[in-house]
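A short reminder: the numbers here are calculations on the coordinates, not readings from a lab. Worth saying up front: this structure is predicted, and the values here are computed from it rather than measured. FYI the Cβ positions are ideal-geometry reconstructions off the backbone, even for glycines, and counts take in every protein chain you see.
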Amino acid sequence: MFRRVLIANRGEIALRIMRACQEMGVETVCVYSEADKNAPYLKLADRAICIGAGPAKDSYLNIPRLIAAAEIADVDAIHPGYGFLAERADFAEICRDCKIEFIGPSPEAMSKLGDKVEAKRYAKAAKVPVFPGSEGAIDNEEEAVEIADEIGYPVIIKAAAGGGGRGMRVCHNEATLRTNIKKAQQEAQAAFGNGAVFIEKFLERARHVEVQVLGDKHGHAVHLWERDCSMQRRHQKIIEEAPGPGIERKKIQSVAEGAAKLVKSAEYSGAATVEFLMDDDQNFYMLEVNTRVQVEHPVTEMITGVDIVKTSILVAAGEPLPFKQKDIAVNGHAMECRINAENPDKNFMPSAGTIETLHLPGGPGVRMDTHVVPGYRVPPNYDSMIGKLIVHAEDREACITRMKRALGELTVEPINTTTPLHLRLMENADFARGGVDIHYLERLLK
Ligand code: ADP
């Protein structure tokens, strides 16, 4: 096992990783930016190292400074968390060159699955369902039109290297496809340094369903079933739950087994998520593979009892996965509400400032993953998520009841948070029925 790990992240995920390391007897070194210098979780680390100014490019995204901190602190491994450098194959490669273990996939596996065109090839080989569309990158307009005629409009143009909801264009007819294809290529080149684009069928109504997978360095991979993350605003997930409400178990089982096979075929180790859209007839189409731990990993932990963060550290250290597929049982239902420092009544305007009063919910089946404490100042520099409220209960209905109760206990003052929106959604009849689509929340908020 590692002796000492550097945590190249901030906020709740830095604390989550720290907790895992502590329980594993691994020392922690946490880096921070000047904007986070008073963050309370830093006191829980064995060592904290300032790596630069508030803007992420000067600190959490600054590879030379992170590597310098890792060398000064003499760590064996780096955990990137999510966001920042978590999906940068060049960073994973630099870590390897510096003889520091990157807690995640190899740079090769990350590149293979991080590229949407290549991930689709692996998916097809593993019999994972994908969208009808181009086989690979599109060379020219005529080819795009031909494929679109075959699969039917609407289609979506996507950048192979795209991410964060950027680099996508929906086209409803040949004229818009023709005008958009070159633009999309130029934009992708400018934004991602890779002009490759592809097209696929665009689904008007869908749910977001994703499969959690874990792989090791000995050629094993298991899946931990699915999460439904359809409650979204501007492609940002707001509520996640597991299992997916109303999803036929046989269908998801075959998709999840395919996802594990896909990851295995790419010689992937660590945590990965294979994301899908699911249509009304419960047909699945792969969107992409995320090559890191996800924000919403706790809901899967709650229903399977598997500690995803600890397991990813274990496999990075070269240990085989400590369980087999047949050992993974699903127990009850879990749900996560993202608590963001935003005002849902004012178009989700960020609400930075100091938290004076804080009361965190507790009681049976309640887990709150957060780094905030009373007196904590929410810095304006980063993502607005200040915590995740996760509940676990015997079934979905009990889960909603419990979430309502826990949200009622949560007090974060005087800043604004997304808590009132969550309370409203827990009372919403469509949500209670289960199976809202990915555009539901935006329609509701209109
Ligand atoms: P990114 O890496 O930028 O997040 P994704 O491929 O995951 O890109 O797509 C982001 C979002 O765009 C999806 O969550 C979905 O809402 C929408 N989307 C992507 N592809 C399709 C499609 N073929 N049909 C309908 N919606 C799509």
Original post:
FRET efficiency for residue 22 and residue 377, Cβ-Cβ distance as r, R0 = 25 Å, nearest 0.05?
Top reply: 0.50
Original post:
What do you get when you divide the Cα radius of gyration of the chain by 2.2 N^0.38 Å, with N the number of residues?
Top reply: 0.96
Original post:
Once Lys and Arg get +1 and Asp and Glu get -1 on their Cβ, which of 83, 29, 40 lies farthest toward the positive end of the dipole of the range 4-103?
Top reply: 40
Original post:
Can you give the Kirkwood hydrodynamic radius for the range 207-444, in Å, rounded to one decimal and based on Cα pairs?
Top reply: 18.5 Å
**OP:** Distance from a point 7 Å along Cα→Cβ of residue 249 to each backbone N in the range 256-290: keep the residues under 18 Å and list them by number.
**Re:** 256-258
Subject >> Ranking of 41, 382 by count of other Cβ atoms within 10 Å, fewest first >> reply: 382, 41
Original post:
Roughly what would the spin-label model give for residue 327 and residue 429, points 7 Å off Cα along C-beta, in nm?
Top reply: 4.7 nm
Original post:
Tally Lys and Arg at +1 and Asp and Glu at -1 over the other residues with C-beta under 11 Å from the C-beta of residue 235: what net charge comes out?
Top reply: +3
Original post:
Quick one: Cα centre-to-centre distance for the range 426-446 and the range 279-305, in angstrom?
Top reply: 19 Å
Subject >> Residue-averaged [θ]222 nm for the chain, counting only DSSP H segments that reach four residues, each worth -39500 (n - 2.57) >> reply: -10000 deg cm²/dmol
Subject >> Sparse-neighbour loop sites [trypsin sites (Lys or Arg not before Pro); the range 37-70; at most 13 other C-beta within 10 Å; DSSP] >> reply: 37
Original post:
What net charge do the residues around residue 370 carry, taking every other residue with its C-beta under 14 Å from that of residue 370, with Lys and Arg at +1 and Asp and Glu at -1?
Top reply: +1
Subject >> Equivalent ellipsoid semi-axes - Cα gyration tensor, the range 130-201, angstrom >> reply: 18, 12, 11
Original post:
Between residue 192 and residue 234, what is the FRET efficiency for a Förster distance of 22 Å, r being their Cβ-Cβ separation, to the nearest 0.05?
Top reply: 0.65
Original post:
Which whole number in µm²/s is D for the range 168-305 by Stokes-Einstein, with the Kirkwood Rh taken over Cα pairs at 37 °C and 0.692 mPa s?
Top reply: 199 µm²/s
Original post:
When the chain is fully extended, how far beyond the present Cα-Cα distance does residue 279 get from residue 446, taking 0.36 nm per residue of separation?
Top reply: 57.8 nm
Original post:
Which ordering of 33, 230 is given by a fewest-first count of other beta-carbon atoms within 10 Å?
Top reply: 33, 230
**OP:** Project the alpha carbons of the range 2-118 onto their principal axes and report the range along each, largest first, in whole Å.
**Re:** 42, 32, 24
Original post:
What are the residues whose amide H is under 5 Å from the amide H of residue 348, where those residues sit 5 or more places off or on another chain and H is modelled from the backbone?
Top reply: 343
**OP:** Give me the distance in nm between label points sitting 7 Å out from Cα along the Cα-to-Cβ direction at residue 96 and residue 178, one decimal.
**Re:** 4.6 nm
**OP:** List 201, 158 from most exposed to least, where exposure is judged by having the fewest other Cβ atoms within 10 Å.
**Re:** 201, 158
